[in-house]
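Notes for the one structure printed next.
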Amino acid sequence: MPDKKEDQKKNHSIASLKDTLIKIFALSKPYRGRFYFATVVVLLASGIWLTVPLGLRELLDAVFEKGDGSLLNLLAIGLIGLFVLQSLFSFTGNYFLEWVGERVVTDLRKKVYEHLHRLGFKFFAERRLGEITSRLTNDVGSIRTALTDSLPQLLTISFSLIGSVSLMVALNWRLSAVIFVTVPFVTIATRYFGQKIRKLSRGIQDELADSTAVAEDALGAVRLVKAFVRETYEVTRYSDSIEKLFGTVRKKVVLTQLFWSGVGIMFMGTLVVIFWYGGKEVLEGRLSAGDLVAFIIYALNISRSISQTSRLYTAVNTAAGASERIFELLDEIPEIDDKPDAIEVIDVEGELEFSEVGFRYEEERPVLKNISFKAKAGETIALVGPSGAGKTTLLNLIPRFYDVEKGEIKLDGTPISDLKVKSFREHISIVPQEVHLFSTTIKDNLKYGKLDATDEEIIQAAEDANAHDFIIEHPDGYDSLIGEKGVKLSGGQRQRMAIARAILKNPEILLLDEATSSLDSESEAQVQEALNRLMKGRTTFVIAHRLSTIQNADRILVLDKGEIVEEGTHTELLAKGGLYSHLYELQFRDLAGETLS
């Protein structure tokens, strides 16, 4: 019974490898003409090489048996011509194979990157950035290896192998039988070692992704690392992950070298037998010296071909192990996608309605329960509540970063699930607490709100966001580089950049997630003034941490444990003496602006 299970496991592994190789080969479909042309040319080069030993046989027989000098000259010239032709074909074929491989990798990287942007927040919440980056870079490159190096070479080597065997049998079938004895042993070894190497290769790619993730985590938080003096800790953490990777690589190297060495020993021993038996055949007159030399060259070619096949089989398993990770990524289904009959959003008034909305990240723990309210167009709604009440989650449901579990959200009377996601989000802007800026210029970061914005529009948006004055203080003004994640700017400056970006987008719906909670008084005043301009005439949702923002809101929704427990204006809620009043007494007694956590 165990033997049968083991056989089933092996058959599944082989079938899986076959499926992976078919998927890899399918990637070349747009360039199949070039691929086939290159393969045919490489096969022709291999065919020419097969005729070389026959030419050498004739050349040696012309010298040792016929003593024909003129024939010797013609054969030598002919062999030179064959070498030139073979090199020309080999160059042409390999060039086009490399071209196809690089083209496929380029297309695949674009496809994977585009697919990543289609995936939702849930996918990225469950994976580390370093792992995703590793798949996009390291794993995609392995497909080029399989497509342009391994698969075509396996084909040409197989052709060379079959040709060499056929010509050997034609020359002397008794001598040919010697080399065939080793073939079953090589086949068994190839199958056994190939499966183990493939498994280790998959593990190597996973561990490489892990180490990349560790490095990106630390380097992306370099301020935190230095502030807590944790350089040694982070170096140790990365070293441990790299050492683990080294251990797996070492196991693969040991298996690979054992495999290659074993195959080499078998064939070198076979060649010794061929030399010995072939020499006897020549001495007994059943084989000419030229035949023996040609036979030995074919035997060497078979030995080289099988050795290369073994190495390529190892490379194919290595590439397949990495390729599976790419195909797994491409098989990920976006959790947020358009319905077949989704509606294109053109004109938006800005009315949003939540009807009995429920949501949970995990099965056991609901985050929002029975959320119902309507925000009129142009109205400002503040969301207040203790930490973990569900404020940010509610905000994330509006642009469909996540889909509701039950109930529905409507925009101007139409369920947002019926709208095209991209066209719907074009009418929404977000100003978060932690502003993300790209490590490019100030102008490029601002233009993210409107890619075709003119310089005049950019400057006007910056002025409206109270950002123009600090921008022009930089040496290169709007063309100044701001460093990784805007490290050269202060917190208040980054917030004003985000506001200017939102102004350029000119949305009907605005989401402010703790936009002023971490600023000093001076920065807060400048940011709040800019926000007031931005909020004017737009449907705005504010996660409120500043008293001034809450007082100006048309309505305040008080959340607790995922439910709306109070609703009203600032004055109305204070008069009720409920949770809002309690939070106000705890955290808003200082009118200078203490924060609501």
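The values are calculated or read from the model by the stated rules, or taken from the named source; none is laboratory data. Every value quoted in this text rests on a predicted model; they were computed, and no experiment measured them. Here the Cβ positions follow ideal geometry from the backbone for every residue, glycine too, while neighbour counts run over all protein chains shown.
Summary of computed values
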| read-out | value |
| --- | --- |
| Condition met for I48 (at pLDDT below 85 and either farther than 30 Å from I326 by Cβ or in contact with a helix residue (DSSP H, G or I) (Cβ under 9 Å, 6 or more places away or on another chain) (or both)) | yes |
| Lone qualifier among E328, E335, E324, E234 - being acidic (D, E), within 22 Å of the chain's Cα centre (by Cα), buried (at least 16 other Cβ atoms within 10 Å of the Cβ) and within 30 Å of V140 (Cα to Cα) | E324 |
| For R501: the one exception among (1) surrounded by fewer than 19 Cβ atoms within 10 Å (Cβ to Cβ); (2) closer than 21 Å to M535 by Cβ; (3) of a type outside the set (A, V, I, L, M) | (1) |
| Cβ pairs under 9 Å, 6+ apart, first in the range 552-564 and under 14 Å from K374 (Cα atoms), second assigned to a helix (DSSP H, G or I) and of a type outside the set (V, I, T) | I556/H570; I556/E572; I556/L573; I556/Y580; L557/K391; L557/L394 |
| Test: residue in the range 357-368 that is buried (at least 17 other Cβ atoms within 10 Å of the Cβ), out of contact with any helix residue (DSSP H, G or I) (no Cβ under 6 Å at 6 or more places or on another chain) and of a type in the set (K, R) | no |
| Residue within the range 290-305 that is more than 15 Å from L171 (Cβ to Cβ), surrounded by 18 or more Cβ atoms within 10 Å (Cβ to Cβ) and in contact with a Ser or Thr (Cβ under 9 Å, 6 or more places away or on another chain) present | yes |
| Residue list for the range 329-346, filter: farther than 30 Å from A209 by Cβ and assigned to a loop (DSSP other than H, G, I, E, B) | D338, K339, P340, D341, A342, E344, V345, I346 |
| Near pairs, Cβ below 7 angstrom, 6+ apart or cross-chain, from the range 85-112 (outside the structural domain of I326 (by TED's automatic domain parsing)) to any residue that is in a helix (DSSP H, G or I) | none |
| Residues located in the range 479-496, provided they are over 30 Å from the mean Cα position of the chain (by Cα) and either farther than 15 Å from M535 by Cβ or among the small types (G, A, S) (or both) | D479, S480, L489, S490, G491, G492, Q493 |
| Any hit, the range 450-461, residues being buried (at least 17 other Cβ atoms within 10 Å of the Cβ) and closer than 21 Å to E484 by Cα | no |
| Unmet requirement for K485, which otherwise passes all of (1) crowded, with 17+ Cβ neighbours inside 10 Å; (2) in contact (Cβ under 8 Å) with a residue 24 or more places away in the chain; (3) part of a helix (DSSP H, G or I); (4) not assigned by TED's automatic domain parsing to the domain that holds K374 | (1) |
| Meets criteria (modelled with pLDDT under 85 and out of contact with any Phe, Trp or Tyr (no Cβ under 9 Å at 6 or more places or on another chain)) for G247 | no |
| Unmet criterion (only one of (1) closer than 18 Å to E126 by Cβ; (2) of a type outside the set (K, R); (3) touching a residue at least 12 places away in the same chain (Cβ under 8 Å)) for E362 | (3) |
| Test result for D590, at pLDDT below 85 and more than 20 Å from T380 (Cβ to Cβ) | yes |
| Test set (1) out of contact with any Asp or Glu (no Cβ under 7 Å at 6 or more places or on another chain); (2) in contact (Cβ under 8 Å) with a residue 12 or more places away in the chain - G120 fails condition number | (1) |
| The lone exception for R202 - which of (1) exposed (fewer than 15 other Cβ atoms within 10 Å of the Cβ); (2) among the charged types (D, E, K, R); (3) touching a residue at least 24 places away in the same chain (Cβ under 8 Å) it fails | (1) |
| Qualifying strands (runs of 3 or more DSSP E) (wholly inside the range 489-587; at least 3 residues being within 25 Å of F424 (Cβ to Cβ) and either of a type outside the set (D, E, K, R) or modelled with pLDDT under 85 (or both)) | 509-513, 539-543 |
